[in-house]
Amino acid sequence: DEEFDELCFEFGLELDEITSEKDIISKEKGEEKAKGASDVVLYKIDVPANRYDLLCLEGLVRGLQVFKERINLPRFEKIIPAEGEGQRLIITEQTAQVRPHAVAAVLRNITFTKNRYDSFIDLQEKLHQNICRKRALVAIGTHDLDTITGPFTYTAKAPSEIKFKPLNQSQEYTASQIMDLYRTDSHLRHYLHLIENKPRYPVIYDSNGVVLSMPPIINGDHTKITLNTRNVFIECTGTDITKAKIVLDIIVTMFSEYCEKPFTVEAVEVVYPNGKTHIYPELAYRTEKVKPEYINKKVGISETPSSLAKLLTRMCLKSHVTGNGNHLEVEIPPTRADIIHACDIVEDAAIAYGYNNIQMQIPKTYTIANQLPLNKLAELLRLDLAAAGFTEALTFALCSQEDIADKLLTDISATNAVRIANPKTAEFQVARTTLLPGLLKTIAANRKMPLPLKLFEISDIVVKDPNADVGARNYRHLCAIYYNKSPGFEIIHGLLDRVMQVLEVPPNEENGYTIKAAEGTAFFPGRCAEVFAKGQSIGKLGVVHPDVITKFELTMPCSVLEINIEPFV
């Protein structure tokens, strides 16, 4: 187990856990339910989402064997049958409105066993969830070719005109009945919405009118694959032709190793509505050129071109040195749709070299990180406010419109608030323009606590600003609140003096701070003052208006202080 874990890590995968069906069921549903489940050891392996070629045992084992240099990467070959002997898939124009694209291939003389068959079905399921985006982009259908006769027709018909016996059902249904049948099916109901409201449903027939499948919902029972199936017809229909080609390539490259002639696939001719034809699968090999020094520089190693070529070959990217050693020619096999750019090749070289083998070094640019001055000031103030006996609260940066307007007796237009375009809940409609509502809501949620309640918060508020490049600006505010049987204005005033003391701002008009009587809609008339420092107004303190208190479902008086701390940085 440890060796395998190590091998997975070297190959860029992660062995998540070693478990069994019994363990999984007993963890999720308890020991009772797990009785009789299998004890066979299961490896849970995390595979990167872009490596579709590792999603089944066949591909994973092949990849690891090539990585360990036990086998060479097989060469996939497409066999084009003689004129008139091959299979054809004819696409009609009716499909254009629903799922316009289809590709197909045939695996000849394949030998299934129980394990191979399970793996074959499992790979399709994993691809459906991953690259096929829950069958929205591509849906895969696999059929026993010997039960049907070509050429096949991919068309779209009204739901009432389609009638067949779906997979594992005992009788025939029309398409609309099938939709009702699977509405309660835990697995298939998630795919019904893809075609449900379309006037026509996609469907594939053979030359005798036998239904192969109604993508993306269900295959017909007639073409069901069994362990005795020798020839498999694979079709992928979808809304994205590129993804459909990739999916087809992956399935045929993974399972063609079980054909009589391993790694060969029989091609199918697809005829488009405009009469053009195309041979699938494409199984395209392509070559890319990469400079060895580019790889060395990006990874931070210094390997010779020939050893880089060897590393890449171990990652299923057959490479050799060309042009007197200053280029690598890399062949990208059809299994590696994830190689889009040179950096993908560099990444594979790094994995084969071993991340743990790359020497650590100090970067050429020598810089020392430092805390943002505003954050440092906020941290220091938090300590002093806590020392003054106040408890820190952290509240949401988003709130409802009435929190910052109606409940504070102001008009929403006067707040200059930034609105959320399509809020999920009424609680998160705007970005807060003041910290006060958050603290009042915190007190309302803690009314059972012994009095007095002394809370503070130092966080950002957001207001619209047409001059800022994003149309809004953040300000770091400090807000403190005192809630008791008496308003306690003197306690909040004392806290302001303490904050100014630790900021070394003297209480005078020239270069210090002063407070002047003012009016604020949220404050009790005649009990509100504006704070001036550094020659500008930085906020207000005062006793909260009784209407505001009742709107926040509180019963006692309270005083607050809210100032902007940015001028003191």
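Of the residues Ser176, Ser207, Ser186, which is of a type in the set (Gly, Ala, Ser), in a helix (DSSP H, G or I) and open to solvent by 10 Å² or more (accessible area, probe 1.4 Å)?
Every option except Ser176 fails the conditions.
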Exercise for review: Out of the residues in the stretch 18-60 that are outside any helix (DSSP H, G or I) and farther than 20 Å from Ser119 by Cα, state the one that is nearest to the chain's Cα centre (by Cα).
Suggested key: Gly30
Practice item. Mind listing just one residue for me: the one in the stretch 372-413 that is assigned to a loop (DSSP other than H, G, I, E, B), over 24 Å from Tyr482 (Cβ atoms) and modelled with pLDDT of 90 or more and, of those, least open to solvent (accessible area, probe 1.4 Å)? Key: Ser400
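Assess whether Phe120 counts as being of a type outside the set (A, V, I, L, M) and outside any helix (DSSP H, G or I). Step through it out loud before you land on a result.
Details: of a type outside the set (A, V, I, L, M): yes; outside any helix (DSSP H, G or I): no.
Considered against the rule, which asks whether it is of a type outside the set (A, V, I, L, M) and outside any helix (DSSP H, G or I), Phe120 comes out as no.
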Point to revise | strands (runs of 3 or more DSSP E) completely within the stretch 439-538 that count 2 or more residues being in contact with a Cys (Cβ under 7 Å, 6 or more places away or on another chain) and of a type outside the set (Val, Ile, Thr) | key: 453-464, 472-483
Revision key, fill the gap. The condition from (1) under 36 Å from the mean Cα position of the chain (by Cα); (2) of a type outside the set (Val, Ile, Thr); (3) not in a loop (DSSP other than H, G, I, E, B) that Ala417 misses is numbered (3)
Revision key, fill the gap. Restricted to the stretch 534-569 and to residues being open to solvent by less than 30 Å² (accessible area, probe 1.4 Å) and touching a Pro at 6+ places or on another chain (Cβ under 8 Å), the residue nearest to Tyr475 (Cα to Cα) is Ile538
Exercise for review: From the list Glu293, Glu288, pick out the single residue that is free of Cβ contacts under 8 Å to residues at least 60 places away in the same chain, open to solvent by 20 Å² or more (accessible area, probe 1.4 Å) and under 33 Å from the mean Cα position of the chain (by Cα).
Suggested key: Glu288
Review point. Which of the residues belonging to the stretch 513-543 are among the aromatic types (Phe, Trp, Tyr) and under 47 Å from the mean Cα position of the chain (by Cα)?
Key: Phe523
Practice item. Among the residues of the stretch 107-119, write down those that are surrounded by fewer than 22 Cβ atoms within 10 Å (Cβ to Cβ) and of a type in the set (A, V, I, L, M, F, W, C). Key: Ile110, Phe112
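Here is a yes/no grid of residues against (1) farther than 18 Å from Ala102 by Cβ; (2) outside any helix (DSSP H, G or I); (3) touching a Cys at 6+ places or on another chain (Cβ under 8 Å); (4) among the small types (Gly, Ala, Ser):
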| residue | (1), (2), (3), (4) |
| --- | --- |
| Cys236 | no, yes, no, no |
| Thr253 | yes, no, no, no |
| Ser256 | yes, no, no, yes |
| Pro262 | yes, yes, no, no |
| Glu269 | no, yes, no, no |
| Glu282 | no, yes, no, no |
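The values are calculated or read from the model by the stated rules, or taken from the named source; none is laboratory data. What you see is a predicted model, and the numbers here were worked out from it, not measured in a lab. Counting neighbours? That spans all protein chains shown, and the Cβs are built from the backbone with ideal geometry, glycine included. SASA here: full protein model, heavy atoms, side chains in, ligands and nucleic acids out. Shrake-Rupley method; radii C 1.70, N 1.55, O 1.52, S 1.80 Å.
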